[in-house]
Amino acid sequence: MPRRDSKRASVVAAPAAKCAIHSAAVEQPASTDAVFRCHVRVYFEDTDAAGVVYYANYLRFFERCRSDWLRALGFGQHRLAADERLRFVVADLAVRYHRPAYLDDLLTIEAAVAERTRSFLVFAQRALRGDELLASARVKVACVDAQRLSPVRLPRQLLERFPAPAAGTT
C-alpha cells in the first residue's frame, strides 16, 4: 500500500478570475470566494525514471483534492452513490503544465468552483510547490445517476455548501 503524508486541508479566500473551460488562461487563480487546499507528497510511484512527476499524476492529485473537499463538506462519494444514487464524472478537462515537480516535493493542490449549474460544476485547480505554479486545470464534473450514468441535478444540500462563483466569472 502506498505511503501518504497526512493531508491538511483548508478553505481560504481567493481572487476572482474569468476563464472559459478551454481557455489558454487555465493558470489563472480560481474564480470563487473560496479555495480548498490539500497537500500531497511526491513519491517514487508518482515519477518517471528521471524522478519527475508523470504528467497524468497531476490529474490524480486534482481528483484527490476535489474528493477531499466533498468529504470535508460531509459528502463522501461512496455514500452519495449508495444512498443518493449519484456519481460524479469528468465531462471536460483542460490542463497546462508550467514547471516539473520532483520526487519528495510537497505540493499544495487547490480547487475552487469556477462555474456552477444544475447538473455540473467546473473547478479551477492548481498544483503548487510553495508559490511556484506547476500545473493548472479547468475540470468540468457532471453529476450523473449511478446506474444509468445520465445527467441529474446536483443535490440542493451540496449546492448550498459549495461556494458560489464570484459574480461575472462564468
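What's the exposure ranking of Ser150, Ser67, Ser136, going from fewest to most Cβ atoms within 10 Å?
Lowest to highest Cβ neighbour count: Ser150, Ser67, Ser136.
Give me Arg129, Arg66, Arg138 sorted ascending by neighbouring Cβ count inside 10 Å, so fewest comes first.
Fewest-to-most ranking of Arg129, Arg66, Arg138: Arg129, Arg66, Arg138.
Would you mind ranking Val113, Val141 so that the residue whose beta carbon has the fewest other beta carbons within 10 Å leads the list?
With the fewest neighbours first, Val113, Val141 line up as Val141, Val113.
Enumerate the amide H contacts of Leu107 below 5 Å, restricted to partners 5 or more residues apart or on another chain; note that Pro and chain-start residues carry no placed amide H.
Amide H neighbours of Leu107: Val40, Arg41, Val42.
We did not get these values from a lab; they are worked out from the coordinates using the rules stated. The structure presented is a predicted model; accordingly, all values stated were derived computationally and were not measured. Because the Cβ atoms are built from the backbone with ideal geometry, glycine has one as well, and the counts that use them run over all protein chains shown.
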